[in-house]
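Read through the structure below, which is laid out as structure tokens, and then see the notes.
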Amino acid sequence: MYNIHISDDFDLKKIAESGQCFRFNECTPAAKDGESFPLYSVAAKDRHLLIEDKAEGNLSLDCTQSEYEEFWRDYFDLDLSYKDVRARIDPESDPYLYGASEFGKGIRILRQDPWEMLISFIISQRKNIPAIKASIEKLCVKAGDEIFEDERCGKIYSFPTPERLAALPLEELTACSLGYRDKYVHQAALDVASGAVDLEAFKKLDDEALMNELLKLFGVGVKVANCEILFGYHRLNAFPRDVWINRVLEQHYSGGFNFKAYDPYNGIMQQYLFFYGRENA
């Protein structure tokens with residue numbers, strides 16, 4: 001186990017429930033000397049991490065220090081001060097966003113894999129979060145590899161590679177409760193596995209060019225593309241709009257949202273608005 005202390009914004013529960021990740025879940029912790037702490041299971045591509053939240057910023061991770069420094073530190077975006085980002089919000093000129101940021105304090109934008117996020121947000125269309133998680137879990141069981149097993153969180157599987165998903169018959173994708181999205185997932189897998197789409201090369205594109213390339217993909221519209229840009233490529237100015245965000249903008253920003261004031265962190269503001277709007281609907 002590797003123990004760390006994080007004094008800046010970091011709330012495992014809020015991150016897990018923020019709608020940006022679908023294999024980040026609370027587990028049933030084992031009591032230790034009559035005391036138990038919230039326990040979270042995090043699967044990212046072919047990696048897995050258990051985190052115990054021991055309160056007041058103290059966390060226990062089931063990885064080595066080198067694994068933490070090589071992968072998980074960057075995954076949790078721990079080199080960015082979200083406290084400083086929140087300090088940009090003026091409570092007088094933007095009271096709704098200020099309230100949302102206070103409510104969502106502790107959310108961080110994870111540095112997730114573009115391939116996993118592309119498939120995840122293609123699946124997310126017209127689905128609620130529990131349904132998205134269920135479909136992704138079925139895909140992982142069907143085409144991923146078992147990477148972890150524990151009585152507290154069960155078996156954990158890696159996210160399927162493009163080649164594994166491309167090899168699945170369409171009816172097997174459909175069986176993962178994908179609905180009409182099955183053909184979108186299938187084509188994305190074929191495109192990436194064949195090299196027709198190079199998600200790694202997309203990292204070199206500016207935001208506008210990246211959006212244009214993503215919109216060429218079968219089944220990818222502006223909302224999914226923006227989610228991929230924000231959560232898959234960690235471009236923190238992307239601002240995905242779904243039913244919750246549109247409702248917030250209509251009800252609280254009839255005069256327009258001040259994107260200029262929060263550049264280049266509008267994506268973080270979007271997460272505060274999304275989390276606050278959904279939890280207080």
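The values are calculated or read from the model by the stated rules, or taken from the named source; none is laboratory data. These numbers come from a predicted model, not from an experiment. So basically every Cβ, Gly included, is an ideal-geometry build from the backbone, and we count neighbours across all protein chains shown.
Points worth noting:
- Taken over segment 159-199, the residue count meeting the criterion of being buried (at least 21 other Cβ atoms within 10 Å of the Cβ), under 15 Å from CYS140 (Cβ atoms) and of a type outside the set (A, V, I, L, M) is 3.
- Residue pairs meeting the criteria (Cβ under 8 Å; at least 6 apart or on separate chains; first under 14 Å from ILE132 (Cβ atoms), in segment 175-187; second among the basic types (Lys, Arg) and at pLDDT 95 or above): CYS176/LYS138; CYS176/LYS142; SER177/LYS138
- On inspection, TYR96 qualifies as of a type in the set (Phe, Trp, Tyr) and either in a loop (DSSP other than H, G, I, E, B) or outside the structural domain of GLU26 (by TED's automatic domain parsing) (or both).
- Here ARG247 qualifies as assigned to a helix (DSSP H, G or I) and either in contact with a helix residue (DSSP H, G or I) (Cβ under 6 Å, 6 or more places away or on another chain) or farther than 20 Å from ARG108 by Cα (or both).
- Looking across VAL192, VAL197, one residue alone is in contact (Cβ under 8 Å) with a residue 24 or more places away in the chain, closer than 14 Å to TRP115 by Cβ and of a type in the set (Val, Ile, Thr). It is VAL192.
- A single entry from SER41, SER66, SER60 fulfils the requirement of being closer than 14 Å to TYR2 by Cβ, of a type in the set (S, T, N, Q) and surrounded by 15 or more Cβ atoms within 10 Å (Cβ to Cβ): SER60.
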